[in-house]
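One structure is given below, encoded as structure tokens.
The values are calculated or read from the model by the stated rules, or taken from the named source; none is laboratory data. Just so it is clear, the structure is predicted and the values come from calculations on it, not from any experiment. Cβ sites come from the backbone with ideal geometry, for glycine too, and all protein chains shown count toward neighbours. Note: areas computed on protein heavy atoms with side chains; ligands, DNA, RNA excluded. Shrake-Rupley method; radii C 1.70, N 1.55, O 1.52, S 1.80 Å.
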Amino acid sequence: MKDVIRTLTEAFGPSGYEGPVRELIAEMIKEYVDEISTDVMGNLIAVKRGFSPEGKKIMFSAHGDEIGIVVTHIDDKGFLRFTNVGGLYTETLVGNRVRFESGTIGVIYREKGELKDLTLDKLYIDIGAESKEDAEQKVRIGEFGIIHREFTDLGNRLIGKSMDDRIGCAILVEAIKALQESPNTLYFVFSSQEEVGLRGARTSAYTINPDLGIALDVTLTGDVPEGPRMEVSLGKGAAIKVKDSSMITHPKVKAFLTKLAEDNSIPHQFEVLERGGTDAGAIHLTREGILAGTISIPCRYVHTASEMVDIRDVQACVDLVKAVATADLSELI
Ligand code: CO
Ligand code: ZN
């Protein structure tokens, strides 16, 4: 599984330009699903048909996009200016590298000034160009880039640039490969444009109209020095979301996920996230309202170049996805 995580976290896929991620995932899962397609919004949707006429429709969603940048200006000396695609922490960018789809790499650095006054418009990207013309040979205005960083395996703990949310994608890939027959028809959505407002999940939930929607996404942890006051820790299992800014998990769904985790001896913890949202936020507001929940992967340093997860939590999430996929939903719906 670490190979899948490496491949996906090193892939290029800023919001709106998820193509390379879609291609990699489609290749990984195509033998294991009945149908696979890409919609207008850039969602990759794979379907595994259920065997029972009483089976329900379950939509799992992990977003394929990652935070990034888009070039807004190239100056006479060939330095690039940019704006954010999704939520970037300005202070973590300085000295990091950007990669464009062409493979061009640049260094992000800052103008002189007080660190406390640092804003995105004081940063620039140096791609080694010696003039505007030179820069334009490599990068154009409006081109999207990602933070460039390799995957690192520390044993139980893994570091990558886009664990948010390629780790969710990797969990769905693993679950798809491992799943036997299910009474339920399963829709696996590798959604687009989550980082800019849950956009792909919104349209795919409308199309699929599931009985239950489950998002897989990272959440913050409180287990670091002077960290946020939050109960979620790395290594303590799959985090069952109770609330974030986009959704209050339906009590029935929270109870359903908790019981499944207990019955299958899957390590789990509860997550209350004060700020942030997931695809489930869009899914549950679709049509007349859809039952939805989120299985969160504890992750340190979210939205930086070095997001850290624990492989044991990842395995717990795979197990919980498999349990949901094969569950009898007649009591829930
Ligand atoms: Co994110
Ligand atoms: Zn995410």
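For region 68-148, the dipole from Cβ point charges (+1 on Lys and Arg, -1 on Asp and Glu) about the Cα centre works out to 200 debye, to the nearest 20. Couplings for region 117-122, taken from phi via the Karplus curve 6.51 cos²θ - 1.76 cosθ + 1.60 with θ = phi - 60°, read 8, 5, 10, 4, 6, 9 Hz in order; Gly and Pro are left as x.
Against the criterion of solvent-accessible heavy-atom surface with a 1.4 angstrom probe, ASP244, ASP134, ASP263 sort, most first, into ASP263, ASP134, ASP244. Cβ-Cβ distance of LEU154 and THR207, R₀ of 30 Å, FRET efficiency by 1/(1 + (r/R0)^6): the value works out to about 0.15. Here the mean projected area of the convex hull built on the C-alpha positions of region 175-227 is 6.0 nm². Look at the alpha carbon pairs under 8 Å that are at least 6 residues apart: their mean separation over the length of the chain gives a relative contact order of 23 percent. ASP126 sits with roughly 60 Å² accessible to a 1.4 Å probe, with DNA, RNA and ligands left out of the calculation. Averaging over all projection directions, the Cα-based convex hull of region 68-148 occupies 4.8 nm² in the image plane. Measuring between their Cα centroids, region 59-97 and region 202-248 lie 24 Å from each other. With 0.36 nm allotted per residue and the present C-alpha distance subtracted, the ASP328-GLU136 stretch has 63.4 nm of extension available. Computed on the Cα atoms alone, the convex hull of region 88-223 gives a volume of 192 cubic angstrom per residue. Between GLY145, ILE125, ALA135, the Cα set farthest toward the positive side of the dipole of region 114-175 (charges on each charged residue's Cβ, about the Cα centre) is that of GLY145. Placing dummy labels 7 Å off each Cα toward the beta-carbon, the span from LYS2 to ARG275 is 3.5 nm.
From the Cα gyration tensor of region 196-333, with a ≥ b ≥ c the square roots of its eigenvalues, which class applies: rounded if a/c is under 1.5, or else prolate if a/b is larger than b/c, or else oblate? Oblate, since a/c reaches 1.5 and b/c is not below a/b. Computed over protein heavy atoms with a 1.4 angstrom probe, the accessible surface ordering of HIS268, HIS250, HIS303, largest first, is HIS250, HIS268, HIS303. Accessible surface ranking for ASP310, ASP121, 1.4 angstrom probe, highest first: ASP121, ASP310. Placing a label point 7 Å from the Cα of GLU231 along the Cα-to-Cβ line, the residues of region 273-292 whose backbone N sits under 13 Å from it are 273.
Can you give me the Cα centroid spacing of region 302-333 and region 105-175 in angstrom? If we compute the Cα centre of each part, the gap is 27 Å.
According to the Kirkwood relation over distinct C-alpha pairs, the hydrodynamic radius of the chain is 20.2 Å.
So what is the calculated 222 nm ellipticity per residue for the chain, using -39500 (n - 2.57) for each DSSP H run with n of 4 or more, over all residues, to the nearest 500 deg cm²/dmol? Numbers along the way, then the final one.
Working: 9 runs with 89 residues, N = 333.
Mean residue ellipticity at 222 nm (helix-derived): -8000 deg cm²/dmol.
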